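The values are calculated or read from the model by the stated rules, or taken from the named source; none is laboratory data. None of these values were measured; they are calculated from a predicted model. Glycine also receives a Cβ, built like all others from the backbone with ideal geometry; neighbour counts cover every protein chain displayed.
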Amino acid sequence: MKIRSKPVVLLVAEAVTLAHFARIVTLARALDPSTYEVVIASDPRYINLEKNFDCEFHPIRSIPSAEFEQALNKGKPLYSVETLTNYVEDDLKLLDSVKPDLVVGDFRLSLAVSAPLRHIPYAAVVNAYWSPFADTNYPVPDLPITRILGIRLAQKLFDAARPIAFALHARPLNQLRRRYGLPSLGLDIKNAYTWGDHVLYADTSEVVPTRNLPAHHRYLGPVLWTAKTPLPQWWSSLPEDRPVVLLTLGSSGQADLLPMVLTALSRLPLTVIVATAGKVALADTPANAYIIDYLPLDIATRRSKVIICNGGSLTTYQALTSGLPIIGLCSNMDQLLNMVAIERLGAGISLRAANVQPGQLKDAVHTLLSNPTYARTAEQTGEQFRQVDAGQRFRTFISEVLG
């Protein structure tokens, strides 16, 4: 058995989307390996986007991203009791092997069972708009009922049914906790998403405010990540006489929208750089578009005037850090909630991915390019973000917990 001379911090990502993996990797890199034994556990599906981990890596299984996305699109619970049971079994093997002093998880809901069973302190990384202490209005996501009834009527029905829906989504985890002799987390998915001995919000209070936070909840600030990939050969030849629009729908966006978006943007006097996340092969590329699978997001956002993305926090927070206004083509509730916060700031425009039209998209791009208020607000928010060191806050938290 390996003898460890330093406190062990295990960071676990539920890699159904890139964001959860990316935030865990960023937090792991923030820790000093001379002070802590740092271990990452994740499904390895995104590991090729990282270079040379400076810590142990343990592969664990996450359900396929397509399965996760299908459940989101149908409004079903994201995990069955059977899946969570398998997760807990995998977690327990991992915990028994690593023997951490603290486990940090990003959307690995099964840790709400496995960590207490092994009496290991657990810190949950989550966005603050899922907090029970946030004043959140929940927009109806793109569901079959939304497409049939339209947004306005579907929203009314969703508002009435949401407490029941949130209880049903929380049910599998509660059933599993009871099976292992642990108390229920209550009839609200927010409690399941934010359960932990410690809760770490990957946001700022200015963007997503909360009230009356308990002592074990705290803001880390934006946890930023960028793909460790080289710039493409065409990067240095991008035209200098037209604004650049960055288009990336990430790992959880509607990739089938990309051809329509590109066609709409092909008629505008701008340059489009597209990162497909490897989800779609684009044929008949417009003359004003440059295509690649992945780009270093920090460099790409600094080169651009507008970003069109899926509205998720990983991409939008990097864009805001670079002072870049945002168009979010949203479908699931997480994306919608994030873009609600950004629209409230005045730093972007949210559109529904399910029914967005080329004319809407062109109007949104024109608005962000012609109205300087959006860019100014994005830059002001970026200045706030640049003053927040999420890595330092995480180190402070770890030192407080582990001494």
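Summary of values
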| item | result |
| --- | --- |
| Residue in segment 334-353 that is touching a Lys or Arg at 6+ places or on another chain (Cβ under 7 Å), touching a residue at least 24 places away in the same chain (Cβ under 8 Å) and not assigned by TED's automatic domain parsing to the domain that holds ASP203 present | no |
| Where a residue in segment 158-173 is in contact (Cβ under 8 Å) with a residue 24 or more places away in the chain and under 18 Å from VAL81 (Cβ atoms) and its partner, wherever it lies, is among the charged types (D, E, K, R) and not in a helix (DSSP H, G or I), with Cβ under 8 Å and at least six apart | PHE166/ASP188 |
| Qualifying position, being under 26 Å from ALA275 (Cα atoms), in a loop (DSSP other than H, G, I, E, B) and modelled with pLDDT under 95, among LYS2, LYS51 | LYS51 |
| Every pair of residues 6+ apart whose Cβ atoms lie under 6 Å, when the first sits in segment 203-219 and is farther than 17 Å from GLN387 by Cα while the second is not in a loop (DSSP other than H, G, I, E, B) | THR210/ALA128; HIS216/HIS198; HIS217/VAL199 |
| Condition check for PRO163: assigned to a loop (DSSP other than H, G, I, E, B), surrounded by fewer than 21 Cβ atoms within 10 Å (Cβ to Cβ) and not small (Gly, Ala, Ser) | no |
| Some residue of segment 345-365 being within 18 Å of ASP203 (Cα to Cα), among the charged types (D, E, K, R) and crowded, with 17+ Cβ neighbours inside 10 Å | no |
| Considering residues of segment 327-370 that are of a type in the set (Val, Ile, Thr) and assigned to a helix (DSSP H, G or I) only, the residue nearest to LEU295 (Cα to Cα) | VAL365 |
| Considering residues of segment 91-136 that are more than 20 Å from PRO183 (Cα to Cα) and aromatic (Phe, Trp, Tyr) only, the residue surrounded by the most Cβ atoms within 10 Å (Cβ to Cβ) | TYR129 |
| Positions within segment 168-205 being in contact with a strand residue (DSSP E or B) (Cβ under 7 Å, 6 or more places away or on another chain) and farther than 20 Å from VAL103 by Cβ, in sequence order | ASP203, THR204, SER205 |
| Single residue of segment 218-241 satisfying the filter (hydroxyl-bearing (Ser, Thr, Tyr) and out of contact with any strand residue (DSSP E or B) (no Cβ under 6 Å at 6 or more places or on another chain)) that is nearest to ALA128 (Cα to Cα) | THR226 |
| Qualifying residue in segment 51-60 (condition: more than 20 Å from the chain's Cα centre (by Cα), crowded, with 18+ Cβ neighbours inside 10 Å and under 21 Å from TRP195 (Cβ atoms)) | no |
| Filter result for VAL81 (modelled with pLDDT of 95 or more, in contact with a Phe, Trp or Tyr (Cβ under 8 Å, 6 or more places away or on another chain) and on the phi < 0 side of the Ramachandran plot) | no |
| Selection count where residues are under 26 Å from the mean Cα position of the chain (by Cα) and either small (Gly, Ala, Ser) or at pLDDT below 95 (or both), scope segment 266-288 | 9 |
| So LEU220, is it in contact with a Lys or Arg (Cβ under 6 Å, 6 or more places away or on another chain), buried (at least 18 other Cβ atoms within 10 Å of the Cβ) and either of a type outside the set (A, V, I, L, M, F, W, C) or under 26 Å from HIS119 (Cβ atoms) (or both) | yes |
| Qualifying positions in segment 275-326 - touching a residue at least 40 places away in the same chain (Cβ under 8 Å), polar (S, T, N, Q) and assigned to a helix (DSSP H, G or I) | THR301, SER313, THR315, GLN318, THR321 |
| Condition met for THR373 (of a type in the set (S, T, N, Q) and either crowded, with 17+ Cβ neighbours inside 10 Å or within 30 Å of TYR36 (Cβ to Cβ) (or both)) | no |
| Complete set of residues in segment 198-253 that are part of a loop (DSSP other than H, G, I, E, B) and among the β-branched types (Val, Ile, Thr) | THR204, VAL207, VAL208, THR210, VAL223, THR226, THR229 |
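Quick grid of which residues meet (1) of a type in the set (A, V, I, L, M); (2) in a helix (DSSP H, G or I); (3) free of Cβ contacts under 8 Å to residues at least 40 places away in the same chain; (4) buried (at least 20 other Cβ atoms within 10 Å of the Cβ):
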site: VAL16; (1), (2), (3), (4): yes, no, no, yes
site: ALA28; (1), (2), (3), (4): yes, yes, yes, yes
site: THR35; (1), (2), (3), (4): no, no, yes, no
site: ALA41; (1), (2), (3), (4): yes, no, no, yes
site: ALA71; (1), (2), (3), (4): yes, yes, yes, no
site: LYS76; (1), (2), (3), (4): no, no, yes, no
site: GLU89; (1), (2), (3), (4): no, yes, yes, no
